[in-house]
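Below is one structure, written out as structure tokens; comments come after it.
The values are calculated or read from the model by the stated rules, or taken from the named source; none is laboratory data. Note that the structure is a prediction, hence the values are computed from the model and not measured. With ideal geometry, Cβ positions are generated from the backbone for all residues, glycine too; neighbour counts draw on all protein chains shown.
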Amino acid sequence: MRERFRLSENLLIGIILTTVTLAVYWQVVRFEFVNFDDDHYVENNPAVQAGLNSVTIRWALTTNYQANWHPLTWMSLMLDSDIARMASWLLDLSLGKNNSGFYHLTNLLFHVANTLLLFIVLKLMTGRHWPSAFVSALFAVHPLHVESVAWISERKDVLSTLFWLLTMYAYWLYTRSPGRKSYAWVIVAFVLGLMSKPMLVSLPIVLLLLDVWPLGRLRSNGMNLRVLLIEKWPMFVLTAISCVLTIWAQRSGGAMGEFKDYPFGVRLANAAVSYVAYLGKMIWPANLSVLYLHPGTKLPMWQVVLSAIELIVATFLAVRTVRTRPYVTVGWLWYLITLIPVIGLVQVGMQAMADRYTYVPLIGIFIIIAWGVPDLLGVERGRASRSRLIALGAAGCAVTVALAAAAYQVVGTWQNSIALFTQALRVDPANSLAYNNIGNALLERGDVEKAVKYFRLAIKFHPEYIDVHYNLGNALYTQGKIKEAIAQYKYVIKRCPDHVSARNNLGSVYANQGLYDLAIAQYKSVLKIDPENQRAKRNLNNALKAKAGEI
């Protein structure tokens, strides 16, 4: 009878978690691609649009496109492309502009699966239903997690987390029945996760934390730290391999920031501030943005010092509770350790921090809350009064509903590029990338005059922003402002001589003006940089014919 009740309880929790998550996120199936990586990852990616086949699978396994090596993520997007095509053909069904809704739907389904898996794994490891359910509810609806779900390009986040949680589940099975076969499943899930996103490099250490609590393996049955470390040596080897592949992909893809631009002291300062800032946004998730620009050397020293002190004190206090409240120690170290790969010590991109980076790390803080609040209130299993349990449950529901309502609003800002980057400008009116991307979206819609306005605002806040000058040149040429367009293209080429698109466009402008020698010079320059550039080959051929009077 008791087992049947537990089964009904688990099923009820699963239904509630699924319903709430779908209620918050279902709107994404109507959303468009955004012009921030989605165009490169999916919309204009010929490999992804071709679907799954032997050629594209080989590409996924060997490419470092977008400065990442995550072949499983590419394959999942390719499968989405096949499904969208099949649905359009067989069912005459399309979702969103250019079938964007299919990719959004897959992200959402992965998030639902992650939420349910998190509940299952925590419940199995701790034996506690309602704290596990509360952690999963916070994970499902916290506004900081919207970016990982509503942004198609973050497929790598939701997919890798699926394998993170499956690795934890496989590890739980292994601890109950140790052996090569059960350990092999741990390795399989871990490898698949690394092939989705290298975020899993910290997972072996997290498993060590779980050995302390809730699994209680440390110093039990002859286990000690040395034995537990040796047990995980294959995972540490795989982590090292993944780190090498990641550095290769990011460095060769040009995404890794140079130390001259981001000195180590600057990175360390930003990391300390970001650790504390994430916690602030977790407590009060307001003013969220797709991009928080890196402040460089502009961080106030008092903020850096205060953040560092807070982190040191919090870590000291958390570690001291390992015997009395081990969930505090494990939860805090989970947060600190899982953020290390994305905290900015290895700077990738122009962001100081990103909401998506909290997708896994905040689980540690949620664990502290879910176990700590009842503990502080003296609510222990089987000992609390009914009224106190009801009050605690009502408070948990109220927090979940409030976060779900806030997340619903945040999800809405992802409906298209203009909505997304308008929100970014509300948070930071000097965000040059936001102005640029709104300008591109307006240009695509044919609102050239307004696009030019946004490009000029981007240049006002970031005068040396090469992409904006290029985009402004395209917009000015569309307006028929030839001299101004030429000036923009020349600026881009002066600052970035290998910018083949600017050279191609400048050559086309010259050719249309009858200045064939100047056009031919630009096309030849492109072919020196990229000998296989088909556009430059066609343009050069046409310019040579036009100069000879053949066309």
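Answer with yes or no whether Asn99 is surrounded by 19 or more Cβ atoms within 10 Å (Cβ to Cβ) and at positive phi. Break it down stepwise before answering.
Values: surrounded by 19 or more Cβ atoms within 10 Å (Cβ to Cβ): yes; at positive phi: yes.
In short, yes.
Determine whether the stretch 261-269 contains at least one residue that is over 19 Å from the mean Cα position of the chain (by Cα), more than 23 Å from Gln347 (Cα to Cα) and in the same structural domain as Leu376 (by TED's automatic domain parsing). It would help to see each step written out before you state the result.
Within the stretch 261-269, the first condition is being over 19 Å from the mean Cα position of the chain (by Cα), and the residues that meet it are 261-269.
Among the residues that remain, those that are also more than 23 Å from Gln347 (Cα to Cα) are: none.
So far as the stretch 261-269 goes, no, none of its residues is over 19 Å from the mean Cα position of the chain (by Cα), more than 23 Å from Gln347 (Cα to Cα) and in the same structural domain as Leu376 (by TED's automatic domain parsing).
Could you list, in sequence order, the residues of the stretch 135-157 that are closer than 19 Å to Asp39 by Cα and of a type in the set (A, V, I, L, M, F, W, C)? Give the steps one after another, and end with the answer.
Going through the stretch 135-157, the residues closer than 19 Å to Asp39 by Cα turn out to be 147-157.
Within the stretch 135-157, Val149, Ala150, Trp151, Ile152 meet the criteria.
Could you tell me which of the residues Leu311, Leu279 is of a type outside the set (D, E, K, R), touching a Phe, Trp or Tyr at 6+ places or on another chain (Cβ under 9 Å) and touching a residue at least 40 places away in the same chain (Cβ under 8 Å)?
Of Leu311, Leu279, the one residue that is of a type outside the set (D, E, K, R), touching a Phe, Trp or Tyr at 6+ places or on another chain (Cβ under 9 Å) and touching a residue at least 40 places away in the same chain (Cβ under 8 Å) is Leu279.
When the residues of the stretch 44-66 are narrowed to those that are part of a helix (DSSP H, G or I) and touching an Asp or Glu at 6+ places or on another chain (Cβ under 9 Å), which ends up nearest to Asn99 (Cα to Cα)? Step through it out loud before you land on a result.
Quick first cut of the stretch 44-66, residues part of a helix (DSSP H, G or I) only: 46-49, 54-62, 65-66.
From what is left, the residues that are touching an Asp or Glu at 6+ places or on another chain (Cβ under 9 Å) are 48-49, 66.
On the way: Val48: 13, Gln49: 11, Gln66: 22 Å.
Result: Gln49.
Answer yes or no as to whether Ile337 is touching a Phe, Trp or Tyr at 6+ places or on another chain (Cβ under 6 Å) and either surrounded by fewer than 17 Cβ atoms within 10 Å (Cβ to Cβ) or at pLDDT 95 or above (or both).
On the way: touching a Phe, Trp or Tyr at 6+ places or on another chain (Cβ under 6 Å): no; either surrounded by fewer than 17 Cβ atoms within 10 Å (Cβ to Cβ) or at pLDDT 95 or above (or both): yes.
Taking the combined requirement at face value, the residue does not satisfy it.
Any residue in the stretch 98-105 that is at pLDDT below 95, within 29 Å of Glu9 (Cβ to Cβ), out of contact with any Gly (no Cβ under 7 Å at 6 or more places or on another chain) and assigned to a helix (DSSP H, G or I)?
no
Of the residues that sit in the stretch 442-465 and are small (Gly, Ala, Ser) and crowded, with 22+ Cβ neighbours inside 10 Å, which one is nearest to Gln351 (Cα to Cα)?
Ala458
Which one of these is farther than 30 Å from Gly296 by Cβ, part of a helix (DSSP H, G or I) and small (Gly, Ala, Ser): Ala511, Ala458, Ala441?
Ala511
Mind listing whichever residues of the stretch 67-94 are part of a helix (DSSP H, G or I) and either surrounded by fewer than 19 Cβ atoms within 10 Å (Cβ to Cβ) or touching a Pro at 6+ places or on another chain (Cβ under 8 Å) (or both)?
The answer is Ala67, Pro71, Leu79, Asp82, Ile83, Arg85, Met86, Ala87, Ser88, Trp89, Leu90.
Looking only at residues in the stretch 479-508 that are farther than 28 Å from Gly446 by Cα and not in a loop (DSSP other than H, G, I, E, B), which one is nearest to the chain's Cα centre (by Cα)?
Going through the qualifying residues, I end up with Arg495.
Considering only the stretch 507-526, I want to know if a residue exists there that is closer than 30 Å to Gln27 by Cβ and of a type in the set (Phe, Trp, Tyr). Explain how you work it out, then say what you get.
Here is the first cut: in the stretch 507-526, the ones closer than 30 Å to Gln27 by Cβ are none.
No, the stretch 507-526 contains no residue that is closer than 30 Å to Gln27 by Cβ and of a type in the set (Phe, Trp, Tyr).
Just need a number here: residues in the stretch 4-39 that are at pLDDT 95 or above, in a helix (DSSP H, G or I) and within 26 Å of Ala67 (Cβ to Cβ).
Of the residues in that region, 2 qualify.
How many residues does the stretch 411-437 hold that are farther than 14 Å from Tyr465 by Cβ and either touching a residue at least 24 places away in the same chain (Cβ under 8 Å) or of a type in the set (Val, Ile, Thr) (or both)?
To start, the set of residues in the stretch 411-437 that are farther than 14 Å from Tyr465 by Cβ comprises 411-429.
Remaining after also requiring either touching a residue at least 24 places away in the same chain (Cβ under 8 Å) or of a type in the set (Val, Ile, Thr) (or both): 411-418, 420-424, 426-428.
Residues meeting the conditions: 16.
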